[in-house]
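Chemist: Would you mind keeping the following structure in view while I ask a few things?
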Amino acid sequence: MIASLMMYARPELEVANNAYWAALREALSARGIDTPAELDNARDAYDLWLSPDLVFSQTCGMPFRTRLADHVTLIGTPNFGLEGCPAGYYNSVVVVHADDPRDRAEAFADARFVFNQACSQSGFAAAYLWARDHGFWFNNRQASGGHAQSARMVAEGTGDIAVLDAQTWRLIQRFDSFAKGLRVLDQTTPTPGLPYITAVGSDGPVMFDAVGEAIERLDAEHRAALDLKGIIAIPRAAYLAVENPPD
């Protein structure tokens, strides 16, 4: 059995995430669903997501629609209560260096764009659509490996612009001192948030109820640390309707 909560994992949230997993295990066990004792946040993401032994994990909207939708069971989407987004949805913030004098999107057409991964909805697909809406696409692109690293590169001047998951940006502002070296230039259009998934053949509705119960019973301090407001049933079709960037 495999389970993971890798998408928003940070050392500062380890205690809260472990408490959340304990609450999830209790709620799932009460419904006859076996779970591993420990989370596995280090395994290759696609190996984990596509494993027939997957009990519980969280993925990103772009991997879900491009590779996973027919090979996993959608459980539901956590609601982080992000400003300007419907429940269960999120968007991205476009960040630049705090001292960068450019104040229009078009002025960054030749900028150094850093992104976490090319399979990321919030860091790459949303960035592509945002730039396209302003009449360009970045020719100078560099993968950083993670949102926090993208943000750090812009703050330190080795990149000019990055597009970050709004929940990750909230955590960066909370925990990382380099956030003071950044400013938000713009925000992207909201799309369905990062969904919880399980292996094909699992009972999604039963697991949805278990997640809702676990969030409700989670200690208020841990729930606040994780910004969890509940779980939302966003249809599979809503994920698949989001436009992909070209190959």
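Chemist: Can you pull the percent of Cα pairs in region 168-207 with separation above 11 Å?
Modeler: Values: 605 of 780 pairs.
Taking all Cα-Cα pairs of region 168-207, the fraction more than 11 Å apart is 78 percent.
Chemist: Within 10 Å of each candidate Cβ there may be at most 16 other Cβ atoms; applying that plus a DSSP loop requirement, which trypsin sites (Lys or Arg not before Pro) in region 112-161 survive? Don't skip to the answer; put the middle values down first.
Modeler: Working: sites: Arg112, Arg132, Arg141, Arg152; in loops: Arg112.
When the trypsin sites (Lys or Arg not before Pro) of region 112-161 are filtered for loop state and at most 16 Cβ neighbours within 10 Å, nothing remains.
Chemist: I've got another one for you. More than 22 Å apart: what percent of Cα pairs in region 1-115 qualify?
Modeler: Counting every Cα pair in region 1-115, those more than 22 Å apart make up 50 percent.
Chemist: Now for a different question. To the nearest 10 square angstrom, what accessible area does Ile231 show with a 1.4 Å probe?
Modeler: Its heavy atoms expose roughly 30 Å² to the probe.
Chemist: Could I ask something else about it? Could you work out [θ]222 nm for the chain from helices alone, using -39500 (n - 2.57) per DSSP H run of at least four and dividing by all its residues? Round to the nearest 500 deg cm²/dmol.
Modeler: Working: 8 runs with 75 residues, N = 247.
One gets -8500 deg cm²/dmol as the mean residue ellipticity at 222 nm.
Chemist: Once neighbouring chains are kept in place and the probe is 1.4 Å, which whole percent of the accessible area of region 96-247 is contributed by carbon and sulfur?
Modeler: Numbers: 3270 of 7070 Å².
Carbon and sulfur: 46 percent of the exposed surface of region 96-247.
Chemist: Please list Cys119, Cys60 from largest to smallest accessible area, probe radius 1.4 Å, with all protein chains kept in place.
Modeler: Working: Cys119 45, Cys60 10 Å².
Greatest to least solvent exposure: Cys119, Cys60.
Chemist: Continuing with the same structure: Picking from Ala30, Ala98, Ala69, which is most flexible by a Gaussian network model of the chain using Cα springs under 10 Å?
Modeler: Ala30
Chemist: So, one more: Counting only protein chains, not ligands or nucleic acids, how are Thr168, Thr158 ordered by accessible area (probe 1.4 Å), most first?
Modeler: On the way: Thr168 20, Thr158 75 Å².
Listed by decreasing accessible area, they come as Thr158, Thr168.
Chemist: With a 1.4 Å probe and every protein chain left in place, work out the accessible area per residue of the chain in Å², rounded to a whole number. Please list the in-between numbers first.
Modeler: Working: 11090 Å² over 247 residues.
Accessible area per residue, the chain: 45 Å².
The values are calculated or read from the model by the stated rules, or taken from the named source; none is laboratory data. Small disclaimer: the values here were computed from a predicted structure and weren't measured. Reconstructed Cβ throughout: ideal geometry from the backbone, glycine too, with neighbour counts over all protein chains shown. Note: areas computed on protein heavy atoms with side chains; ligands, DNA, RNA excluded. Shrake-Rupley method; radii C 1.70, N 1.55, O 1.52, S 1.80 Å.
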